[in-house]
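**Q** Structure in structure tokens, see below.
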Amino acid sequence: MSVRVLICDDHPVVRAGIVALLATADHIEVVGQAGGGEEIVRMAAEVPADLVLMDLQLGNAPGAVHGPEATRRIRAAAGAPHVLVLTNYDSDADVVAAVEAGAAGYLLKDAPPEELLAAVRRAAAGETALAPEVGSKLLARMRAPETSLSQRELEVLDAVAEGLANAQIAARLFVSTSTVKTHLVHIFEKLGARSRTDALAKARAAGLIRG
């Protein structure tokens, strides 16, 4: 039987390239394409599929549903397809967000074609399919849990890196400003940081957020 694949990427040229690559493989069939998170969540609920190839960053529109949240929503449904993340990003924050959301695999877009095709087949079968560098990052986090931040703390830190104030972070994450302050306190404690700037520098040095 063919592996039925849905593709989610906000760049049409990238989607076309993935479709062309998958078309060269036996027993892999692209059954749908989406350019955004909301669209792929709806499509996954309506179109029978075995796997979703999911990008992480899906546009810059306010309130856009990105890869981790779309993955979480898809995997929450009964009989949901597996999800394989295919992205340019390999920071700890991105990897953890995807894995915690339920992704079966995580691959970078510069992976060789044969590696992507093999990962598609493994992930569609429910097997783990991680790029070597991604697996190393997860192993390092398991070995040094004291430097690990929760998914919500990583989201707060990413927002801080964008220059958002506490009130803006609270609005983005649908929490109170006091909750944001609590997360920041925990972030500072875990990183041994004394300020936002110090926390960002140490988080980047540890690979917790993008450089």
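The values are calculated or read from the model by the stated rules, or taken from the named source; none is laboratory data. A quick note: this is a predicted structure, and the numbers were derived from the prediction, not measured. Because the Cβ atoms are built from the backbone with ideal geometry, glycine has one as well, and the counts that use them run over all protein chains shown.
**Q** Pick from 130, 84, 138: which is among the aliphatic types (A, V, I, L, M), touching a helix residue (DSSP H, G or I) at 6+ places or on another chain (Cβ under 8 Å) and at pLDDT 90 or above? Break it down stepwise before answering.
**A** Numbers: 130 fails: at pLDDT 90 or above; 138 fails: at pLDDT 90 or above.
Only one candidate passes the filter, namely 84.
**Q** Here is a further query. Residues being without any contact (Cβ under 8 Å) to a residue 40 or more places away in the chain, under 19 Å from residue 71 (Cβ atoms) and surrounded by fewer than 18 Cβ atoms within 10 Å (Cβ to Cβ): count how many of those fall in the stretch 105-121. Steps first, answer last, please.
**A** Going residue by residue through the stretch 105-121, those that are without any contact (Cβ under 8 Å) to a residue 40 or more places away in the chain are 105-108, 110-112, 114-115, 118-119.
With under 19 Å from residue 71 (Cβ atoms) added as a condition, the list becomes 105-108, 111, 119.
Narrowing the set further to residues that are surrounded by fewer than 18 Cβ atoms within 10 Å (Cβ to Cβ) leaves 108, 111.
Looking only at that region, the number is 2.
**Q** A further question follows. List the helices (runs of 4 or more DSSP H) inside the stretch 145-211, counting only whole elements, that have at least 3 residues being within 21 Å of residue 134 (Cα to Cα) and modelled with pLDDT under 90. It would help to see each step written out before you state the result.
**A** Details: elements: 151-161, 166-173, 177-191, 196-205.
Result: 151-161, 196-205.
**Q** Specify which of the listed residues (185, 160) is outside the structural domain of residue 92 (by TED's automatic domain parsing) and either within 23 Å of the chain's Cα centre (by Cα) or within 23 Å of residue 90 (Cβ to Cβ) (or both).
**A** Numbers: 185 fails: either within 23 Å of the chain's Cα centre (by Cα) or within 23 Å of residue 90 (Cβ to Cβ) (or both).
Unique residue meeting the criteria: 160.
**Q** Let me ask you something else. Could you look through the stretch 55-85, keep only residues that are touching a Pro at 6+ places or on another chain (Cβ under 9 Å), among the hydrophobic types (A, V, I, L, M, F, W, C) and outside any loop (DSSP other than H, G, I, E, B), and pick out the one that is farthest from residue 13 (Cα to Cα)?
**A** Selected residue: 74.
**Q** Can you tell me how many residues within the stretch 123-137 are buried (at least 18 other Cβ atoms within 10 Å of the Cβ) and in a helix (DSSP H, G or I)?
**A** Residues in the stretch 123-137 being buried (at least 18 other Cβ atoms within 10 Å of the Cβ) and in a helix (DSSP H, G or I): 4 in total.
**Q** Also, quick follow-up: I'd like the full set of residues that are of a type in the set (Gly, Ala, Ser) and surrounded by 24 or more Cβ atoms within 10 Å (Cβ to Cβ), limited to the stretch 94-104. Give the derivation first.
**A** Going through the stretch 94-104, the residues of a type in the set (Gly, Ala, Ser) turn out to be 97-98, 101-104.
97, 98, 103, 104 - these are the residues of the stretch 94-104 that are of a type in the set (Gly, Ala, Ser) and surrounded by 24 or more Cβ atoms within 10 Å (Cβ to Cβ).
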